[in-house]
Amino acid sequence: MTSAVEAAGLRKAYGKKGDVVQALDGLSFSVRAGAMHALLGPNGAGKTTTVRILTTLSRPDEGQASVAGLDVLAQPGKVRSVIGAVSQHSGAVGLLTGAENLALQGGLYGLHGRGLRNRTAELLDAFGLADAANRQAKTYSGGMRRRLDIATVLVHRPSVLFLDEPTTGLDPQGRADLWAVLTKLAAAGTTIVVTTHYLEEADQYADRIGIVDRGKIVAEGTADDLKAALHGDSVVLELDGHDLAERAEKVLAGVPHVASAAADGALVRARVDDGPRALPSVLAGLEAGSIPVRSVTVARPSLDDVYLHYAGRSFLQAERIPV
Amino acid sequence: MKTARLNPARQSWVIFTGRYLRELYRQPTVIFLALLQPIIWLLLFGALFKEVAKIPGFGTGNYITYLTPGVVIMTAIFGSSWTGMSYIEDMQTGVLDRFLTAPVSRTALTVAMLAYQAVTTIVQSAIIIAIGWAIGASFPGGWAGILALTGVSVLIALAMAGLSNAFGLLTRQREALIGASTTLVLPLTFLSGAFLSLTLVPHWIADVARFNPVNWAASAGRLAVAGHAAWGTVGSYAGFLAIAAVITALAATRAFRTYQRAL
């Protein structure tokens, strides 16, 4: 199968001498045609820059990229005619109605007359905006606006759709609706590249996930592959306070089957090869150290664990301290 | 695929111009203020400098006749100096990115903005000329003169709009554009013969005015409506203005490239 998106060794730095931020540091990935591909990473990881380069809005300092077999740097005009791009901001003209926004976009791709009217009506219908078609976009709710944004860039039936943080700012219902829309589009054959900093969204909806950290893809695969590659489970123990958790961390480091342990508040997370088999020795170790345990859970690795493993810090930490 | 029978780049400027006009139409307050302002200028300056026209060397004895072309030009540059604001807004709302990821030429975006500016300037100029006439201005140059005045007001508006667009794209900041616009527009207006005959102002101002495009426009417009048949002078001023408009339009189009490189 050919790849719909190909990025190789993208590098880009912002700023002037002395204050340079390396936004992309050799980022490479590829997306199979028809896949829903998530770029997952904390704010500042380089996701937006990547999307801007792939959608011809920005040029890399180094590296190559192609979309639908077209060279992004050499043939930006051709690339634009086969992609749809939804940026973090809305993209809808607030003073125009939903229908007018769609008609404007269709016009830019050469649609006109009845063809344009039919396509506009079809999209408004498909995105549940038919009732609001003649209202100015500025009166739309966040979720409606997002749906209009996506409908707008689909007017010319692009083969590859890029969305940068499309669910940011939406309520849970709006997020679920939006993912339903994207899932449907992917099922119909559109290649989708979507960035997100919500672990659970990538986990649940993406066919493949590329984990972005400090301008690089640090791991790539399906959510299951990524988790399975960690070889093991986590045992999460809840204790009476941070002091006990720290003592437990030290005790657990010496317990057989435990690969590592880390205290986090009143919790201790221990990485083990096989959760159920390691549990007795974990508990025995704590009992020998007279550390009472309030609760214990054995969990398959989460994407957070995956991120921690590859990026060397937890996702929450990375979000709090941008690179 | 149904798309692209027409070359999209050729007609997209028409679509964008339509968008700007529709947006304007949806903001009646903006239209109202844009028309109120020149009326205030006409009445205020008309009253303030009423007696000035009687000073020998002023040319015309009726100050409203002198003032009307000046207010036409002033209004044209005031309005057009804000056009860059549309780009800044489009950047902040993501609209510009949407257009730049569609197969639209950057020239089409610039041309659309200028076409929009031309349309609004023509309407505005016509209304100001009508009001001027209603409160006593005379136009011995007839329709040809009025047409020429409108023409130079469009040219100076285009030159100013190109500058404003380029500045908006380069600074990407509302405050910067507001600052630049107010700093530039008022001095340019007062360093011209828009309100006072240059024979009555200090020499250095008259000297500066010779290089001031706003003065070229005001002088050309006034000569045209006065019917002195100084068409050669009017034509050369109009030529300079057209060159200025082309230069700033090219600068605005190039500024897109810088904008894209910066982000």
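The values are calculated or read from the model by the stated rules, or taken from the named source; none is laboratory data. Model, not experiment: these values are computed from the prediction. We place every Cβ from the backbone using ideal geometry, glycine too, and count neighbours over all the protein chains shown.
Taking the criterion of being in contact (Cβ under 8 Å) with a residue 60 or more places away in the chain and within 14 Å of chain A (Cβ to nearest Cβ), would at least one residue in the stretch B:175-182 satisfy it? No, there is no match, as no residue in the stretch B:175-182 is in contact (Cβ under 8 Å) with a residue 60 or more places away in the chain and within 14 Å of chain A (Cβ to nearest Cβ). Pick from the stretch A:286-302 the residues that are assigned to a helix (DSSP H, G or I) and within 16 Å of A:Ala253 (Cβ to Cβ): which of them is farthest from the chain's Cα centre (by Cα)? Within the stretch A:286-302, the match that is farthest from the chain's Cα centre (by Cα) is A:Ala288. Name every residue in the stretch B:80-119 that is away from chain A (no Cβ under 11 Å), among the β-branched types (Val, Ile, Thr) and surrounded by fewer than 23 Cβ atoms within 10 Å (Cβ to Cβ), in order of residue number. Selection gives B:Ile88, B:Thr107, B:Val111, B:Val119.
Of all residues in the stretch A:95-112, which are more than 7 Å from every other protein chain (Cβ to nearest Cβ) and surrounded by fewer than 19 Cβ atoms within 10 Å (Cβ to Cβ)? Of everything in the stretch A:95-112, just one residue is more than 7 Å from every other protein chain (Cβ to nearest Cβ) and surrounded by fewer than 19 Cβ atoms within 10 Å (Cβ to Cβ), namely A:His112. Against the test of being farther than 29 Å from B:Ala166 by Cβ, out of contact with any strand residue (DSSP E or B) (no Cβ under 6 Å at 6 or more places or on another chain) and without any contact (Cβ under 8 Å) to a residue 24 or more places away in the chain, the options B:Gly46, B:Gly94, B:Gly61 yield a single qualifying residue, B:Gly61.
Taking the criterion of being buried (at least 22 other Cβ atoms within 10 Å of the Cβ) and under 24 Å from A:Ala7 (Cβ atoms), the only residue of the stretch A:224-242 that qualifies is A:Leu226.
Residues that are more than 7 Å from every other protein chain (Cβ to nearest Cβ) and crowded, with 24+ Cβ neighbours inside 10 Å were ranked within the stretch A:76-86; the one that is nearest to the chain's Cα centre (by Cα) is A:Val86.
Within the stretch A:248-285, the set of residues being in contact with a strand residue (DSSP E or B) (Cβ under 6 Å, 6 or more places away or on another chain) and in a loop (DSSP other than H, G, I, E, B) comprises A:His257, A:Ala266. Does at least one position in the stretch A:59-67 carry a residue that is β-branched (Val, Ile, Thr) and in the same structural domain as A:Thr191 (by TED's automatic domain parsing)? Taking every residue of the stretch A:59-67 in turn, at least one turns out to be β-branched (Val, Ile, Thr) and in the same structural domain as A:Thr191 (by TED's automatic domain parsing). Quick check: is even one residue across the stretch A:108-116 outside the structural domain of A:Gly9 (by TED's automatic domain parsing), in contact (Cβ under 8 Å) with a residue 12 or more places away in the chain and not hydroxyl-bearing (Ser, Thr, Tyr)? Yes, the stretch A:108-116 has at least one match. If you go through the stretch A:157-164 one residue at a time, do you hit one that is in a loop (DSSP other than H, G, I, E, B), outside the structural domain of A:Lys78 (by TED's automatic domain parsing) and of a type in the set (D, E, K, R)? Scanning the stretch A:157-164 turns up no residue that is in a loop (DSSP other than H, G, I, E, B), outside the structural domain of A:Lys78 (by TED's automatic domain parsing) and of a type in the set (D, E, K, R). Within the stretch A:70-84, how many residues turn out to be touching a helix residue (DSSP H, G or I) at 6+ places or on another chain (Cβ under 6 Å) and closer than 30 Å to A:Asp131 by Cα? Residues that pass the stated criteria total 1. Checked across the stretch B:34-43, the condition of being within 14 Å of chain A (Cβ to nearest Cβ), assigned to a helix (DSSP H, G or I) and at pLDDT 80 or above holds for no residue. Going through (1) part of a helix (DSSP H, G or I); (2) within 14 Å of another protein chain (Cβ to nearest Cβ); (3) at pLDDT below 90 one by one, B:Thr3 falls short only on (1). Of everything in the stretch A:113-143 that is part of a loop (DSSP other than H, G, I, E, B) and either aromatic (Phe, Trp, Tyr) or at positive phi (or both), the residue that is farthest from the other protein chains (Cβ to nearest Cβ) is A:Gly128.
For the stretch A:59-75, the set of residues classified as of a type in the set (Gly, Ala, Ser) and either more than 14 Å from every other protein chain (Cβ to nearest Cβ) or closer than 18 Å to A:Val212 by Cα (or both) consists of A:Gly63, A:Ala65, A:Ser66, A:Gly69, A:Ala74, listed by residue number.
Of a type in the set (S, T, N, Q), surrounded by fewer than 22 Cβ atoms within 10 Å (Cβ to Cβ) and within 20 Å of A:Ala219 (Cβ to Cβ) - does that describe any residue in the stretch A:56-75? No - not one qualifying residue is present in the stretch A:56-75.
Return the total of residues in the stretch B:225-249 being of a type in the set (Phe, Trp, Tyr) and either loosely packed, with under 13 Cβ neighbours inside 10 Å or under 18 Å from B:Gly141 (Cβ atoms) (or both).
Looking only at that region, the number is 2.
All of (1) within 14 Å of chain B (Cβ to nearest Cβ); (2) more than 15 Å from A:Ala85 (Cα to Cα) hold for A:Thr56 with one exception: (2). For the stretch B:185-226, a residue qualifies if it is charged (D, E, K, R) and touching a residue at least 12 places away in the same chain (Cβ under 8 Å), and exactly one does: B:Arg222. Looking at this structure, is A:Ser260 of a type in the set (Ser, Thr, Tyr) and surrounded by fewer than 20 Cβ atoms within 10 Å (Cβ to Cβ)? Against the criterion (of a type in the set (Ser, Thr, Tyr) and surrounded by fewer than 20 Cβ atoms within 10 Å (Cβ to Cβ)), A:Ser260 qualifies. When A:His89 is tested against the conditions (1) over 20 Å from A:Val194 (Cα atoms); (2) without any contact (Cβ under 8 Å) to a residue 12 or more places away in the chain; (3) facing chain B (nearest Cβ under 9 Å), the lone failure is (1). For the stretch B:10-63, a residue qualifies if it is in contact with a helix residue (DSSP H, G or I) (Cβ under 9 Å, 6 or more places away or on another chain), under 21 Å from B:Trp82 (Cα atoms) and of a type in the set (Ser, Thr, Tyr), and the qualifying residues are B:Thr17, B:Tyr20, B:Tyr25. The residue list A:Ala311, A:Ala278, A:Ala299 contains one member that is without any contact (Cβ under 8 Å) to a residue 60 or more places away in the chain and either hydrophobic (A, V, I, L, M, F, W, C) or touching a Phe, Trp or Tyr at 6+ places or on another chain (Cβ under 8 Å) (or both), which is A:Ala278.
Which one of these is modelled with pLDDT of 90 or more and not assigned by TED's automatic domain parsing to the domain that holds A:Arg52: A:Glu246, A:Glu238, A:Glu220?
The conditions single out A:Glu238.
Checked against (1) more than 29 Å from the chain's Cα centre (by Cα); (2) in a loop (DSSP other than H, G, I, E, B), A:Arg313 passes all but a single condition, namely (1).
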